[in-house]
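Accompanying notes for the structure given below.
The values are calculated or read from the model by the stated rules, or taken from the named source; none is laboratory data. All figures in this text were calculated on a predicted structure; none of them were measured in a lab. Every residue, glycine as well, gets a Cβ built from its backbone with ideal geometry; the counts of neighbours run over all protein chains shown. Note: areas computed on protein heavy atoms with side chains; ligands, DNA, RNA excluded. Shrake-Rupley method; radii C 1.70, N 1.55, O 1.52, S 1.80 Å.
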Amino acid sequence: MKIALLGYGKMGKVIERIALERGHEIVLRKDEFNTYDGLSTADVAIDFSVPSAAVSNISASFNANVPVVSGTTGWLEHYDEMIALCNEKKGGFISSSNFSLGVNIFFGLNEYLAKIMNQFDSYKVSMEEIHHIHKLDAPSGTAISLAQGVIQNSNYANWTLEEAKANEIHIEAKRIGEVPGTHTVNYDSAIDSIEIKHTAHNREGFALGAVIAAEWLAGKQGIFSMKDVLNLQ
């Protein structure tokens, strides 16, 4: 399979190594200094760039009839227009805040726990996410996905980085050293606390999941999620 890498930072380089190990070919390594030359020859594009570049990368891929796997976060105010473009071009798209197998299992666990805890008003939910100091967006896309998972399965209406109101989920975002990513969901009452936590040890899981998603998406049309890729529906 021919892969275009849109974003060639630390994650892009790990994705490249794993893709090559799995027998794929890299036809474009796009960074801020080069063009999209070679994109149209790709079977699939993998976008791990920065928020300011994501929309251009995704748009260019759809316009070149190349399906896209995007792990960039912080650009979701443009999500609907990218979905519209994907549909217009009859493209294929997977956008996820996190491609790690473990994190996607964690998403499912979070939603299941939220359904249970919604019966008990004495518990207040909050979240904490810790990432490396180079991460540009806060809270992380993974933390937002976790918050949305709770909101969809409870009476909570929103999340906030500020002091939370009664129907809001407080997210504390920390930037420390080179931490790959740690996410904690906490239900606290006057009597006890219940906590679930996912800790990434390195970038390997994110990169492997993105390559697996690209393998799955190649040749498909439509809007999909990691639940489709991993059969977690």
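Below, the figures for the structure above:
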{"item": "Odd one out for L39, checked against (1) more than 25 Å from N202 (Cβ to Cβ); (2) surrounded by fewer than 18 Cβ atoms within 10 Å (Cβ to Cβ)", "result": "(2)"}
{"item": "The stretch 98-127 residues that are assigned to a helix (DSSP H, G or I), paired with ones that are open to solvent by 80 Å² or more (accessible area, probe 1.4 Å) (beta carbon under 9 Å, 6 or more apart)", "result": "F106/K197; E111/Q152; A114/Q152"}
{"item": "From I26, I18, I46, I94, residue being surrounded by fewer than 23 Cβ atoms within 10 Å (Cβ to Cβ), touching a helix residue (DSSP H, G or I) at 6+ places or on another chain (Cβ under 6 Å) and closer than 22 Å to K135 by Cβ", "result": "I18"}
{"item": "Exclusive hit being of a type in the set (G, A, S) and closer than 21 Å to N98 by Cα, set A166, A114", "result": "A114"}
{"item": "Among residues of the stretch 9-29, those that are more than 17 Å from the chain's Cα centre (by Cα) and either basic (K, R) or not in a helix (DSSP H, G or I) (or both), counted", "result": "10"}
{"item": "Members of the stretch 154-186 that are farther than 29 Å from I133 by Cβ and of a type in the set (F, W, Y)", "result": "Y156"}
